[in-house]
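Here is the structure we will look at.
Any read-out appearing in this document is the output of simple, stated calculations on the displayed coordinates, not a laboratory observation. The model shown is predicted, which means the values in this text are computed figures rather than measured ones. Neighbour counts are summed over all protein chains in view; Cβ atoms, including those assigned to glycine, are modelled from backbone coordinates with ideal geometry.
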Amino acid sequence: MNAAKSPWWHTATIYQIYPRSFSDSNGDGIGDIPGIINRLDYLADLGINAIWLSPIYKSPMDDNGYDISDYQEVAAEYGTLEDFDYLVAEANTRGIGIILDLVVNHSSDEHPWFIDACGSRDSKYRDFYTWRDPAPGGGVPNDIPSVFGGAAWSFHEPTGQYYFHQFTRRQPDLNWQNPELRESIYRMMNWWLDRGIAGFRMDVIDLIGKEPDRGITAEGPHLHTYLQEMHARTYGGRDILTVGETWSATPNSALLYSGRNRNELSMIFQFEHVTQAWHPIHGKWQPMDFDLVALKEVLGKWQLALAEDGWNSLFWGNHDLPRAVSKYGDVSGYHKQSAKMLATVLHLLKGTPYVYQGEEIGMTNVSFTSIEQFKDVETLNMHRLHLEAGLSANEFIAGANVNGRDNARTPMQWTQAEHGGFTTGSPWIEVNPNYRHINVEASLSDSQSILAHYRHLIGLRNQHPVIVYGRYQSFLDQDPQFFVYTRTLNDQMLLVVANFSNKPGMLELPDELQLQGECISYNYDPVDHIGPQTELQPYEAFAVLCRGNK
């Protein structure tokens, strides 16, 4: 693609904020919008171009805001609509756009639409949701399970029907087959777009085409028709970013969402690199050993699938996933080195990098010892179900401490002060005890910190088109220790080498990669010349830029 005509988000780095846990301005123990405004200079200094906010809308918070009761009102604990408008304005003065989380597969059961729909089968909003009579012999209409455990159907006794919900019973699914529902959503989206936001991240957007009667939940037959209609009715003529969360997407279907002539989305989040490490029976609740060969195969497959069309989103973590350095690195022996290595590998791939809050300082998973310490509705539901299925309480908590969603939701660690400087009150969830040595304040005073490395990598993306548009090629695909790839654009080649092990190793590269150039990123010492054999230290990573002949 011609860089001169490319979208702004090709060169951007996006930062995800989980508002509840980012920065509390009023001491109530819950992060808020004024707290985010207070931290904008920090994000601008990091080099961030846009902020994706997890939901800030009015909500009973059964699923921490992913259950919305009013799409056009800000949750009181986060602030006001005026606070939000001020955030947009202040972010814009720093060259930062605000991306909202669009949750339109389902609403809260406290949304006025659903409340009205529950009043009568004749409600004008009844068909905004999916209702079915009990099965002929009684009970649920079919056996579709909820993502959070149990049946995806709940009985509403006053009207004698079941309603469909793919998540908690307090998150009834919206019926996208209803054109009036779709029009209501488009009006809401345009209302936010007119306030100057930079785009939408679309929660589980691959589920909106569901057809429950046919057992279809993801990527239903009308999904792309809906997305194309959404594009035409809302953001199609605007210079914004749209990224869809699509757990079901494959390299074959990705271009249906994000092909440049499809008129749907800018890009998608796919999760194959996440799910390939899950247990075949117990999923993420029973961790499996890390497999670098499998990870390289998945990342490489997606790099190649979207090489000429579409666009990759690059991420290690988010609000639903464990902390990257705990999952893929070594927090006990090589915390700083492995965190920098992971950043190097990800940020030099082709696509738009997403940094999840705290990732840039190497925040880690928590080590809760009791189920009472967990706050996540998914974890609490799955705890009961997996214990009933035979997993011991200790095994489940061990799994939750590795892969549970609360790992990403502990408060941002700003300083060595009590509660990591997140709040002057009592935080809604416990702060990770390691905040005394892992925090922003300490990172800013260390020129070799993980934070400094992130800032450097983000800057490189703006300096070198080869990082944005270079062709990806992998090497040593079956090597269980090293990740090696190149990016090539015109007469430039970037060689990226990483050791994914806590042991040193001797790297033997093919002749075409034995070269000399400028080492533009490293986490030990710069490596300017690559010979037949190169010894890498534990979790060492470097990138060498070569121009012209090697």
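Overview of values
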| item | result |
| --- | --- |
| Long-range amide H partners of Trp52 with built H, under 5 Å | Tyr15, Gln16, Ile17, Ile99 |
| All aspartates and glutamates inside 13 Å of Lys124 as judged from Cα atoms, apart from same-chain residues fewer than 8 positions distant | Asp116, Glu180 |
| Simple Cβ-charge dipole of the chain, Lys/Arg +1 and Asp/Glu -1, about Cα centre, in debye nearest 20 | 900 debye |
| Within the chain, percent of DSSP bridges classed antiparallel, to nearest 5 | 65 percent |
| Relative packing of 144-150, 269-275, which averages over residues the other C-beta atoms within 10 Å, highest first | 269-275, 144-150 |
| CD proxy at 222 nm, helix term only [per DSSP H run n ≥ 4: -39500 (n - 2.57); per residue of the chain; nearest 500] | -7500 deg cm²/dmol |
| 21 Å Cα-Cα threshold exceeded, pairs from Lys296/Lys503; Lys301/Lys350; Lys5/Lys350; Lys58/Lys375; Lys327/Lys503 | none |
| Gain in span if fully extended, Asp28 to Glu512, counting 0.36 nm per residue against the direct Cα distance | 168.4 nm |
| The chain - percent relative contact order, Cα under 8 Å, separation 6 or more | 13 percent |
| Highest to lowest packing among 84-94, 67-77, 494-504, scored as the average C-beta count within 10 Å | 494-504, 67-77, 84-94 |
| Tensor-based shape of the stretch 112-164 (alpha-carbon gyration tensor, a/c under 1.5 rounded, otherwise prolate or oblate) | oblate |
| Unit charges at the beta carbon, dipole of the chain: most positive-side option, Leu536, Thr424, Thr93 | Leu536 |
| Packing-based ranking, highest mean first, of 392-398, 463-469 given that Cβ atoms within 10 Å are counted | 463-469, 392-398 |
| Likely footprinting exposure, His106, His529, fewest C-beta neighbours within 10 Å first | His529, His106 |
| Built amide H within the under 5 Å cut-off of Ile216, gap 5+ | Glu211 |
| 5 angstrom amide H check on Ile240, placed H, neighbours 5+ away | none |
